[in-house]
Amino acid sequence: MTFQQFAYHNVIRNSRVYAAFFLASSFSVMVFFVYTMLMFHPKIEDQFLRDIAFGGMLIAEIILIIFTLFFLFYSMSAFIQARSHEFGVLLNLGMQKQQLNRMIFIETMLLGLISVTVGIFFGFSFSKFFFMVIRELFLLDSLPLYLSWKPFALTIIVFVTLFVVISISSVVFIRKRDIIQLLRGYSNDEGPTSYKKWRAVLGFVLILTAYGLVIYSAFQMHIALSFVIVILAFWGTYYFYTDSILYLLQVIRKKKKLYWHPFRLIAFADASIKIRENAKMFFVVTIVSCIAFLSVGIVTSFTSFTTQFRELNPVSIFYSSDWDNPFEQQHVMKLTGELQREGLSYDLVKFHLKIQTSSSTRDPINIIKESEVNSLALALEIPFIDLQSGQALLVPNTKEDFGSVQVENEQTVLEESNIPIRIQGIYTKLIFPSLAIKNRSIIVSDEDYMLITEPLTGYGIKESSMTFYAFHVSEWLRTKDIGTDLDRIMNETVNATGTNPNPFYYVNPGLNYSIIRATFSLLLFTGLLVAAVLILAAGSFVYFKLYTDLERDKKQYDVLRRMGVTDQELVKIVNRQLIPQFFLPWGLAMIHSTFSFLFLQAFWVELAAVSIAKEMLLVLIAFTIIQLSYFYLIRWRYIAHILE
């Protein structure tokens with residue numbers, strides 16, 4: 001048997017330990033390769049879409065590289081710990097340190113090359129489905145699968161380099177150990193009470209302070225405090241595992257009624273050892289899980305905004321014209337012509353607004369005709385209005401107006417025409433873009449509208465009017481190429497001056513939505529894949545530790561069997577020992593994420609009056625199901641090995 005064959009058989013023999021490492025590594029390679037395929041896709045010609053795809057994928061790949069490097073480094077240390085006795089035997093039999101280092105290097109590179117090969121294979125197989133999703137998100141005509149050397153080369157270079165770095169650095173763990181230490185293993189000989197009380201208390205104080213600041217920030221919107229909160233939660237979590245939990249277990253030991261129970265005594269005694277030895281692992285799992293929860297939660301919150309976008313912008317295309325706009329007919333004819341060329345059917349409602357002075361506010365107010373609003377309501381399939389003479393409804397500018405504006409039975413007089421009006425309330429639907437309406441607007445009956453004959457004080461008849469053109473297109477997402485010239489003019493002038501100096505206002509929600517939808521959906525898809533890598537890796541950390549200590553645990557359970565513990569009782573003990581290892585870091589990460597989501601909810605309400613509570617609840621439920629599934633899978637295999 002050659003040295004290379006010996007290393008190969010070592011990998012095969014330890015396949016149970018390497019299984020999670022191989023799966024997580026291959027999945028990371030697959031995700032990285034899929035992202036790279038999109039970055040270099042030759043069919044994405046639109047510069048904006050290319051910037052989104054390239055920028056989003058580049059950030060995701062940097063995150064993957066950094067995390068994968070950390071994951072591989074941690075995994076290799078766990079593997080060397082699991083095989084420390086084996087390495088000690090080999091050195092005792094005469095193997096030189098250089099040969100041992102070479103063997104570890106060959107084994108690691110063998111695993112790495114297989115992971116890269118498998119990851120690229122499944123990544124290329126998955127690319128077609130990925131491109132289908134991206135094509136729908138960006139509303140592209142086609143995004144075919146292509147073959148290029150660039151994605152393959154970049155993926156191979158990056159991950160082979162990572163495995164080389166890990167292979168070289170992993171031998172450091174062996175160089176620092178002599179044969180006796182390797183034969184004894186990496187067990188921690190510290191006592192069960194190896195904690196400091198002040199650090200235990202500090203852990204609780206830091207976490208509770210972070211939670212308090214989150215609640216305070218949610219009400220006061222102090223975003224700058226988020227950096228302080230992250231630091232407090234980070235160190236609080238670390239001290240929680242290294243000291244606070246051990247302190248709590250010590251307190252429980254003093255409660256004999258609680259502690260002196262056959263199964264609890266064994267479970268608590270073993271838990272103190274497991275937590276002491278694996279405190280850093282629990283800390284890492286908590287942080288990684290929390291990052292995964294937050295990444296999915298944040299990008300999922302974007303979808304809440306997109307789902308409410310149509311409700312906030314019911315009119316497919318909107319064009320308003322001031323009295324002195326010389327381009328009105330030209331622009332309207334251009335829009336209708338483009339709609340016809342695209343083969344889009346549409347309903348056009350033209351509004352003639354009159355401007356009067358309201359006696360209650362002493363400000364100009366826009367007057368809208370009831371029949372014109374009902375014409376738009378027919379197209380939009382929203383409630384009709386039935387007003388009597390002297391009655392009016394306030395037109396809401398934003399969604400926030402529904403709860404904040406109180407106008408029931410407000411009395412006013414349109415001063416120029418001397419028409420008394422009683423505002424009954426606020427119209428139940430948004431119908432115009434908020435930036436299109438400069439003044440307060442009300443809907444009046446056709447009879448009252450016809451009585452308005454006098455111009456606004458200080459202006460002529462033409463100057464006291466505006467015209468709105470509301471286009472309703474059932475296939476509104478296909479309007480993204482309509483009026484692009486007008487949209488460019490609006491963006492250039494508004495961005496340059498901060499106001500709208502044009503004698504017209506134009507907005508195409510279909511164009512804006514296509515950009516928002518493509519950006520947020522791509523972020524969601526990217527975030528889900530990255531989170532999947534993080535969750536898989538977080539579970540792998542626990543898996544590594546379980547199988548690192550498997551032989552020691554089997555010996556302990558064998559002793560319990562000889563003492564008369566039945567297999568059913570043994571399973572109960574295993575459950576009480578496994579549950580903290582799986583659900584303690586996950587539970588703390590869930591609590592951290594819940595408080596973070598509270599702040600995120602307050603942020604979205606402040607920014608766009610959008611609620612993300614439903615999406616956040618679904619995210620937490622989804623991750624709970626994933627964790628439970630992973631727990632029962634690992635528990636099934638672990639118990640099977642213990643009972644062998």
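Taken together, the values in this text are just the output of simple stated rules run on the coordinates, not laboratory data. The structure displayed is predicted, hence computed values, not measured ones. So basically every Cβ, Gly included, is an ideal-geometry build from the backbone, and we count neighbours across all protein chains shown.
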ask   = Between residue 161 and residue 621, what is the label-to-label distance in nm when each label sits 7 Å out along the Cα-to-Cβ direction?
value = 4.4
query = With each pseudo-label sitting 7 Å past Cα toward Cβ, what's the residue 330-residue 15 distance in nm, one decimal?
reply = 7.5
query = Which order, highest average first, do 435-441, 95-101, 626-632 follow once you tally other Cβ atoms within 10 Å for each residue and take the mean per peptide?
reply = 435-441, 626-632, 95-101
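Provide the net charge surrounding residue 157, with neighbours chosen by a C-beta distance below 13 Å and charges set as Lys +1, Arg +1, Asp -1, Glu -1.
On the way: positive: 150; negative: 61.
Residues near residue 157 contribute 0 overall.
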remark   = Per the 1/(1 + (r/R0)^6) rule, R0 = 35 Å and r from the Cβ atoms of residue 230 and residue 252, FRET efficiency to 0.05 is 0.70
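Sort 493, 2 so the one with the fewest other Cβ atoms within 10 Å of its own Cβ comes first. Before the final figure, lay out the partial values.
Values: 493 14, 2 7.
Least crowded to most crowded, the residues run 2, 493.
Any idea what the alpha-carbon Rg over 2.2 N^0.38 Å comes to for the stretch 318-507? All intermediate terms of the calculation are to be shown ahead of the outcome.
On the way: Rg = 17.0 Å, N = 190, 2.2 N^0.38 = 16.2 Å.
Working it through for the stretch 318-507, the quotient is 1.05.
Quick check on my link table: of 128/334; 254/572; 128/480; 43/429; 197/614; 197/274, which ones sit more than 30 Å apart, alpha carbon to alpha carbon? Kindly include the intermediate steps, with their values, before the conclusion.
Working: 128/334 39 Å; 254/572 23 Å; 128/480 26 Å; 43/429 41 Å; 197/614 40 Å; 197/274 19 Å.
The pairs that break the limit, which is 30 Å between Cα atoms, are 128/334; 43/429; 197/614.
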task = Pick out, from 506, 412, 394, the residue whose Cα sits farthest towards the positive end of the charge dipole of the stretch 367-522, with +1 on the Cβ of Lys and Arg and -1 on the Cβ of Asp and Glu.
result = 506
query = How do 445-456, 21-32 rank on mean C-beta neighbours within 10 Å, highest first?
reply = 21-32, 445-456
remark   = Here, residue 499 and residue 639, labelled 7 Å along Cα→Cβ, have an inter-label distance in nm of 7.3
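Efficiency by 1/(1 + (r/R0)^6): what FRET value for residue 428 and residue 591, r their Cβ-Cβ distance, R0 = 41 Å, to the nearest 0.05? Provide the component values of the computation, followed by the final result.
Details: r = 40 Å, r/R0 = 0.96.
Taking R0 as 41 Å, the efficiency between residue 428 and residue 591 is 0.55.
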Dimensionless Rg/Rh of the stretch 448-521 - Kirkwood Rh, Rg from C-alpha atoms = 1.12
inquiry  = Which order do the peptides 322-330, 148-156, 420-428 come out in when sorted by mean C-beta neighbours inside 10 angstrom, highest first?
reply    = 420-428, 148-156, 322-330
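All other residues with a Cβ under 14 Å from the Cβ of residue 324 taken together, and with Lys, Arg as +1 and Asp, Glu as -1, what is their net charge? Spell out each step's value before the answer.
Numbers: positive: 462; negative: 322, 328, 463.
That works out to -2.
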